[in-house]
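Everything below concerns the one structure shown next.
The values are calculated or read from the model by the stated rules, or taken from the named source; none is laboratory data. Computed from a predicted model, the values in this text were never measured in an experiment. Here the Cβ positions follow ideal geometry from the backbone for every residue, glycine too, while neighbour counts run over all protein chains shown. These area figures cover heavy atoms from the full protein model, side chains too; ligands, DNA and RNA do not enter into them. Shrake-Rupley method; radii C 1.70, N 1.55, O 1.52, S 1.80 Å.
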Protein chains: 2
Amino acid sequence: MANYQLSNIQPGLTFTQDGICNILVWAPLAQSVNILLTDTGKKIELNAGEHGYWQLSTTEVQHGDLYKVVLNNEKQLPDPASRAQPQGVHGPSQVIDVNGFKWTDNQWANPALEQYLIYELHTGTFSPEGTFAGITEKLQYLKELGITAIEIMPVAQFPGNRNWGYDGVFPYAVQNSYGGPAGLMELVDACHKKGLAVILDVVYNHVGPEGNYLNEFGQYFTDKYNTPWGNAINFDDAHCDEVRNFFKQNVLMWFRDFHVDALRMDAVHAIKDFSPKHILQEIKESVDELMADTGRKHYLIIEFDLNDKRFIDPLPQGYGMDGQWIDEFHHALRVTAGGERNGYYADFSGISDLAKAYRDAYVYDGQYSPHRQKKFGTKTDNPGQQFVVFSQNHDHVGNRLLGERSSVLFSFEMQKLLAGAVMVVPYLPMLFMGEEYAEQNPFQYFVSHTDEDMIAAVRKGRKEEFKAFHAEGEAPDPQSEETFRRSALNWDSIHQQQHKTMLHYYKTLIVLRKQSLALATLNRHQLEVSCDQEQQTLWLHRWEGDEHVYCFMNFSDKVQQLALPADGPALSIILDSADPEFGGQRSTSVRGG
Amino acid sequence: MANYQLSNIQPGLTFTQDGICNILVWAPLAQSVNILLTDTGKKIELNAGEHGYWQLSTTEVQHGDLYKVVLNNEKQLPDPASRAQPQGVHGPSQVIDVNGFKWTDNQWANPALEQYLIYELHTGTFSPEGTFAGITEKLQYLKELGITAIEIMPVAQFPGNRNWGYDGVFPYAVQNSYGGPAGLMELVDACHKKGLAVILDVVYNHVGPEGNYLNEFGQYFTDKYNTPWGNAINFDDAHCDEVRNFFKQNVLMWFRDFHVDALRMDAVHAIKDFSPKHILQEIKESVDELMADTGRKHYLIIEFDLNDKRFIDPLPQGYGMDGQWIDEFHHALRVTAGGERNGYYADFSGISDLAKAYRDAYVYDGQYSPHRQKKFGTKTDNPGQQFVVFSQNHDHVGNRLLGERSSVLFSFEMQKLLAGAVMVVPYLPMLFMGEEYAEQNPFQYFVSHTDEDMIAAVRKGRKEEFKAFHAEGEAPDPQSEETFRRSALNWDSIHQQQHKTMLHYYKTLIVLRKQSLALATLNRHQLEVSCDQEQQTLWLHRWEGDEHVYCFMNFSDKVQQLALPADGPALSIILDSADPEFGGQRSTSVRGG
């Protein structure tokens, strides 16, 4: 009944300030574990510790060395906690001493979550370079746009050079083709210098199908639960302590070693954990400890489709997550805007759901969901900054057959209405890269596997998926480089008038949101909303102190009359999306008042 | 987005006070549903309702009628919510009007949980008759023994006549060979007249492998989770609302229609439910409503091996369960008494764990468990009456290769020590039928399937199970009637001296527990415990008001000296398990004091 504490155990090769390398490999099934320095052929034997850990403190390895982990003097494998895979997922791991990076961001303070205005981007397709350095080139642009945080889609090492990031197989390694760990540190440092926060997307619910060597090392998976990706990651079965530690330490690494400001944790509803303390609670506790140590703030934001406020309620009863994505706002908004109504949109009937999303955050908060075929959701009174909303994101664009953005699905006027609808929420708005200038290129699903069977399986899977969703047209080949290229932003287009106008509109909207106390203060109690089904209009009123903002949204294709409150204050127009300034034919006027 | 409420929907055929039969069948996949009265051939067509329910209110069916449910004018099946299966699991269902029973227990009041002193029994092997009526014959005996509640192993209809009860396939039907629903009502009524409470064991984590027609009707199972019995019951997947209602209404039926005082819910750790509101919370809320309606008290006790206090904490944060079994007390006690240490006993090292069980209820409350290979458990400060403990039960006897009771594994003196150790707990003690007179017959695993493949599978499974647990000897054939007969209590033996003496000892112990304020008050804060590893002695001190009870337990085979508190009160011996009165050679004396 030995007790042991893992809270300070970092998997992989890490360095003390004195340059001593602490090696820790979890390999409960191995009889012996060695580190093989592949350039010199030198082998370093690790000592067996408790609970399947193998360890050594040594000065024999140096930053930059390539290595493999040798199990039983037989299998040479990359390190599950590798910090870098310069030759890809099947190659040797690389020793990284994070202490070598010279940070220049000590003036940086992570802003309050309320101030986050998020810009989601994919490193490979955002800039012409497709690297972290390419993002750095655009920081001035982003700063001028007005957003306050970039959210980087997953960068954990994946097979090949082209991937959304959700096929990562080394949670601790930064994708080599993006610029590796040093590249990410430079980007974060540059963001902080610009006054931008960095959110990193991380995946703790599965690992990708190619290059996953975890099973060779230990019981990272359990067959107790089935997920869309097969066996679930083992968060509550035998040997789960070490697996929980593996992911918990990963969170701490991004915050401590990479100065990342917030994580966006992918689809946490697929994390299956019946432990008395959910892994998200344990992660939150560790982050609280880290923050107390360093004095820096970090946020945990979850992608989560369960409308269960327990996840965002404070510890110890709740899971303590700082925020969550709510796709329902997106779904309600798209349906209201005249988008399609099949698949997961089937639960949404339009403008009354959108009104509910403004008012209650969760559209489904206990009623029957025809799509899920059960009663769904809880009521939530959580503060507005706990909810991230958007009119499009990588998933809802990229999970379409052809990956079309709103810019090619909706009229110019409707696009502006969508943007406005997002920018006035009492929640945190998020843009998807390029939407601010109505990028026309699609964002399609792409991979670059090296295994032929895997490539065939992904192609087949993609076809199957779209058989169910919508059966028109041929899905682009995910493995083709062309699909990837087609999905890159076309920065040249930004100089064309229409795109310029849209960018101007977005900037104006963002300035308005930041400068208006009524909009910037995320008080869900100082909000009224009503809608007219027939007119397809929605009326949102938010206030703070003496400042009142009324947002009138007309989702119909006609001019509509809106009755103002009879005894209301005198109103003046502060922004009209149909103003000629924004490429429209001004239609809004205030009568009476 | 239609809303609907199921809280008052009882599955199956139920009657109003006016004799109108309300028929409700959940068959979401069916195109038509009829009730076929098998004696007359009359068919009654049900109306399609929402969410796959089919219903009708009619006077055309009468108490006692045999019927089948006909799906799509094709398949004739027994009703999933059948109240009686007089011809077994594959036969027709029987219409039961519970209003016809004349209850005589309106003077009965379910005692406080603190007063429960539980006697677990198996209907088929407890009495010579093997029926509810057979139990009734023994109520005077049980009353004189001093227990306050009987706990009946599951009675939901299972295949054949011989089964522990955990292979039940009709959760609403009372086993025909035990006496059916009327037999159970008579037994409960008789218990209440005698002043005994009734706990019924129910199984909501799986259904048995033979006679399970649920899949023909609807999505009762989900492949999201794997359990020891295959796919889990669907408590959180699509269509779960109707499945949740099926089991919730089952709880209410036992309390409302059968006057059962408490349920013991089998292995609730195998109920997989990630819903915002766990099914146990929903059940507890319904029971609270029922109790408010009727003014009667009912308790929910769970079999549960997760040491997670969330399950027994009050609503709304906890799951609101009134009590739980703690097997750990049993394991620690058996190991201390010199029992085997393999399998699940491997986590227990003896007397210090037993001391911890007295002090902390959970032995594992966060430390690493070698058997589970992870850190395990939470600390609990829940009141003593929330924990049920025992020195043996059906599982720990019956899951042995030969099903031996303590009476053939431990010396007479040790048996008395085990009984004493249980009877002084600040928890609820439970006996397993026959232990009070040191029954010598085993309690073995028995079934009576009718399907040959199933019989072969069960035999094979049993052999496999014991390959892992302990590989000595041949497991008795579970299907053999002889195995069942061998497991019945031998009431004749009670007249033999040794058995008489043991019975006298148990009665004396029980009287002592009830009469001593210090023992009967389940105050976990007025308790001290210490132990001596070398001597193998344990010292338990409990008090209430001015009354102090010291329990000295000597698990060694030698006479041991115990130092009393130097400045403690004068002590007198109130019970000595080694007294000649209980067949021993008095060894205990108090010196000094």
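Annotations
- Identity of the residue in region A:269-298, within 11 Å of another protein chain (Cβ to nearest Cβ) and not in a loop (DSSP other than H, G, I, E, B), that ends up surrounded by the fewest Cβ atoms within 10 Å (Cβ to Cβ): A:His269
- If you go through region B:269-296 and keep only what is over 20 Å from B:Asn226 (Cβ atoms) and either within 18 Å of the chain's Cα centre (by Cα) or β-branched (Val, Ile, Thr) (or both), you end up with B:Leu280, B:Ile283, B:Lys284, B:Val287, B:Thr294.
- Test: residue in region B:308-318 that is within 14 Å of another protein chain (Cβ to nearest Cβ), open to solvent by less than 10 Å² (accessible area, probe 1.4 Å) and either more than 25 Å from A:Ala238 (Cβ to Cβ) or among the charged types (D, E, K, R) (or both): yes
- Residue selected from region A:52-109 under the condition more than 26 Å from the chain's Cα centre (by Cα) and among the charged types (D, E, K, R), by the criterion farthest from A:Gly211 (Cα to Cα): A:Lys102
- Any hit, region B:487-494, residues being assigned to a loop (DSSP other than H, G, I, E, B), closer than 29 Å to B:Glu144 by Cβ and open to solvent by 40 Å² or more (accessible area, probe 1.4 Å): yes
- The test for being away from chain A (no Cβ under 13 Å) and in contact with a strand residue (DSSP E or B) (Cβ under 9 Å, 6 or more places away or on another chain) does not hold for B:Tyr225.
- The single condition among (1) assigned to a loop (DSSP other than H, G, I, E, B); (2) of a type in the set (A, V, I, L, M); (3) open to solvent by 10 Å² or more (accessible area, probe 1.4 Å) that B:Ala81 does not satisfy is (3).
- The sole residue among A:Gln392, A:Gln444 that is in contact with a Ser or Thr (Cβ under 6 Å, 6 or more places away or on another chain), in contact (Cβ under 8 Å) with a residue 60 or more places away in the chain and part of a loop (DSSP other than H, G, I, E, B) is A:Gln392.
- Note on region B:538-549: among residues that are surrounded by fewer than 19 Cβ atoms within 10 Å (Cβ to Cβ) and in contact (Cβ under 8 Å) with a residue 24 or more places away in the chain, the one that is nearest to B:Ala112 (Cα to Cα) is B:Glu544.
- Candidates B:Thr104, B:Thr125, B:Thr136 - the one that is in a loop (DSSP other than H, G, I, E, B), of a type outside the set (Gly, Ala, Ser) and either more than 24 Å from B:Trp26 (Cα to Cα) or modelled with pLDDT under 95 (or both): B:Thr104
- Within region B:338-389, tally of residues that are aromatic (Phe, Trp, Tyr), part of a loop (DSSP other than H, G, I, E, B) and either facing another protein chain (nearest Cβ under 10 Å) or on the phi > 0 side of the Ramachandran plot (or both): 3
- Criterion: acidic (Asp, Glu) and open to solvent by less than 10 Å² (accessible area, probe 1.4 Å) - qualifying residue of B:Glu436, B:Glu481, B:Glu474: B:Glu436
- Flag for A:Tyr67 being open to solvent by less than 10 Å² (accessible area, probe 1.4 Å), farther than 23 Å from A:His449 by Cβ and in contact with a strand residue (DSSP E or B) (Cβ under 7 Å, 6 or more places away or on another chain): yes
- Selection of strands (runs of 3 or more DSSP E) fully inside region B:165-261 by the criterion of at least 3 residues being within 30 Å of B:Thr131 (Cα to Cα), open to solvent by less than 10 Å² (accessible area, probe 1.4 Å) and modelled with pLDDT of 95 or more returns B:170-174, B:197-202.
- Test result for B:Gly230, closer than 30 Å to A:Tyr364 by Cα, small (Gly, Ala, Ser) and within 14 Å of chain A (Cβ to nearest Cβ): no
- Remark: B:Ile23 matches the filter, which requires a residue to be touching a Gly at 6+ places or on another chain (Cβ under 9 Å) and in a strand (DSSP E or B).
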